[in-house]
């Protein structure tokens with residue numbers, strides 16, 4: 001199975017742990033401030049990106065949705081409200097992120113419609129064809145083996161089911177590109193250090209974005225493992241991108 005540049009990017013370069021272990025440790029560490037930093041660093045537009053990504057599922061009216069790398073359940077909650085499925089299941093490798101998400105579900109009275117589980121994208125604990133739709137928001141960069149995770153997603157989708165991926169990308173417009181590089185490379189890590197006491201996490205964010213196979217390269221990977229009707233839609237001058245594929 002091919003390895004991609006971003007597969008080798010890790011949060012803690014001195015650690016002997018695998019990428020998967022390091023990512024879990026990193027998110028456990030920043031979990032209490034994760035939602036705040038998301039809103040702060042994106043000036044609140046991250047929620048609009050999530051809404052646009054979930055709008056890609058309206059045409060199939062999914063009844064059962066899997067949210068991979070669910071984190072604090074932002075997408076799971078938004079999917080439940082905007083798409084009205086019978087059930088949303090969110091999986092993540094960080095127990096502390098899931099704990100924050102479960103508290104949000106309790107506050108919003110959504111425990112009967114959303115279930116959060118400890119789970120690995122590369123070994124999804126559900127039978128073939130279990131879901132009408134799978135979502136991954138800002139999570140595929142964290143897969144230790146990109147293709148293995150995407151193959152697992154394809155396996156648990158029903159025929160005709162749809163994958164929607166929302167992921168950071170690099171703007172191409174002159175001026176915007178330079179500003180984005182400065183912001184992601186210098187400002188975000190420093191803000192991460194101040195607010196979460198973890199500069200490494202936000203340096204990793206920049207490094208993994210810079211080396212991720214975005215755009216046509218990513219839709220090419222989706223096609224190569226069996227997804228059809230793949231699409232790629234850039235948002236906010238290309239700061240992030242919505243990818244879709246159908247089983």
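The values are calculated or read from the model by the stated rules, or taken from the named source; none is laboratory data. Bear in mind that the values here come from a model prediction, so they are computed numbers and not experimental data. We place every Cβ from the backbone using ideal geometry, glycine too, and count neighbours over all the protein chains shown.
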| Scan of region 120-137 for residues that are without any contact (Cβ under 8 Å) to a residue 40 or more places away in the chain and closer than 13 Å to residue 66 by Cα, ordered by number | 125, 127, 128, 129
| field | Filter result for the condition that a residue is free of Cβ contacts under 8 Å to residues at least 60 places away in the same chain and loosely packed, with under 13 Cβ neighbours inside 10 Å, over 106, 116, 110 | value | 106
| message | Checking the conditions here, which among 76, 53 is crowded, with 20+ Cβ neighbours inside 10 Å, in contact (Cβ under 8 Å) with a residue 24 or more places away in the chain, closer than 16 Å to residue 99 by Cβ and within 17 Å of the chain's Cα centre (by Cα)? | response | 76
| task | Please report, ordered by residue number, the helices (runs of 4 or more DSSP H) entirely within region 152-247 with at least 1 residues that are at pLDDT 95 or above. | result | 216-224
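Which of the helices (runs of 4 or more DSSP H) contained wholly in region 14-91 include at least 1 residues that are in contact with a strand residue (DSSP E or B) (Cβ under 6 Å, 6 or more places away or on another chain) and within 20 Å of residue 134 (Cβ to Cβ)?
Numbers: elements: 19-41, 46-54, 74-83.
In region 14-91, the matching helices (runs of 4 or more DSSP H) lie at 46-54, 74-83.
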